[in-house]
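Student: Below you'll find the structure I mean.
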Amino acid sequence: MKDMILYQRVYDFMLYLFPLVDRFPKYEKFALQTQIKNSVYRLLKLTVDIQKSRQKARYLYEFDKELEFLRTLVAFSNDKKPSYMSAQSRKTTIEKLLEIGKIVGGMIKKFGA
């Protein structure tokens, strides 16, 4: 089932991203770092909502909005000078976000209006 794949991809992304975010400068701990983690937690919760709800489209659109917000936060963390992530970490993070976005896009086509 595709929503189970979504859950696994988000969970794997969380396992990958959190150690990177934990290395952000101390002064970002209660700002950017917390926002990124909260956004990923929200994505994980929304995957459960998608699985359990009969109104999948509603939660898929919420998920898509949150994913876009997370992309913006990650981009911002990489635009800081110096960047908070290495070039390889940045590339892998973006690839993982794109993969999650493709899964959600397919689900929106299937369940969306």
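The values are calculated or read from the model by the stated rules, or taken from the named source; none is laboratory data. On a predicted model such as this, the values are computed, not experimentally measured, just so you know. Neighbour counts are summed over all protein chains in view; Cβ atoms, including those assigned to glycine, are modelled from backbone coordinates with ideal geometry.
Student: With respect to L32, is the statement that it is of a type in the set (A, V, I, L, M, F, W, C), crowded, with 18+ Cβ neighbours inside 10 Å and closer than 28 Å to P82 by Cα true? It would help to see each step written out before you state the result.
Tutor: Working: of a type in the set (A, V, I, L, M, F, W, C): yes; crowded, with 18+ Cβ neighbours inside 10 Å: yes; closer than 28 Å to P82 by Cα: yes.
Yes.
Student: Tell me which residues, restricted to the range 62-83, are touching a Lys or Arg at 6+ places or on another chain (Cβ under 8 Å) and either more than 12 Å from I36 (Cβ to Cβ) or modelled with pLDDT under 90 (or both).
Tutor: Hits for the range 62-83 are N78, S83.
Student: Further, regarding this structure: So which of S77, S83 is part of a helix (DSSP H, G or I), without any contact (Cβ under 8 Å) to a residue 60 or more places away in the chain and either over 24 Å from Q8 (Cβ atoms) or in contact with an Asp or Glu (Cβ under 8 Å, 6 or more places away or on another chain) (or both)?
Tutor: Numbers: S83 fails: part of a helix (DSSP H, G or I).
The unique qualifying residue is S77.
Student: What are the residue pairs meeting all of these: first residue in the range 51-68, first residue under 18 Å from I100 (Cβ atoms), second residue outside any helix (DSSP H, G or I), Cβ atoms under 7 Å, and 6 or more apart or on different chains?
Tutor: Qualifying pairs under 7 Å: A57/G112; A57/A113; Y59/S53; L60/G112.
Student: Looking at (1) at pLDDT 95 or above; (2) surrounded by 16 or more Cβ atoms within 10 Å (Cβ to Cβ), which one does D3 not meet, given that it meets all the others?
Tutor: Failed condition: (1).
Student: When the range 14-29 is examined, which residues are found to be of a type in the set (F, W, Y) and within 18 Å of F69 (Cβ to Cβ)? Outline the logic, then answer.
Tutor: Taking the range 14-29 first, the residues of a type in the set (F, W, Y) are 16, 18, 24, 27.
Once the filter is applied, which keeps residues that are of a type in the set (F, W, Y) and within 18 Å of F69 (Cβ to Cβ), the range 14-29 yields F18, F24.
Student: Here is a follow-up. Within the set of pairs 6 or more residues apart or between chains, which connect a residue that is closer than 13 Å to T92 by Cα inside the range 4-23 to a residue that is of a type in the set (S, T, Y) and assigned to a helix (DSSP H, G or I) with Cβ atoms less than 6 Å apart?
Tutor: What qualifies is L20/S89.
Student: May I pose another question? How many residues are surrounded by fewer than 17 Cβ atoms within 10 Å (Cβ to Cβ), under 16 Å from the mean Cα position of the chain (by Cα) and free of Cβ contacts under 8 Å to residues at least 40 places away in the same chain if we restrict to the range 86-100?
Tutor: Of the residues in that region, 4 qualify.
Student: Given the options I94, I100, name the one that is β-branched (V, I, T), in a helix (DSSP H, G or I), closer than 13 Å to F13 by Cα and touching a helix residue (DSSP H, G or I) at 6+ places or on another chain (Cβ under 6 Å). Let's see the steps before the verdict.
Tutor: Values: I94 fails: touching a helix residue (DSSP H, G or I) at 6+ places or on another chain (Cβ under 6 Å).
One residue alone meets the criteria, I100.
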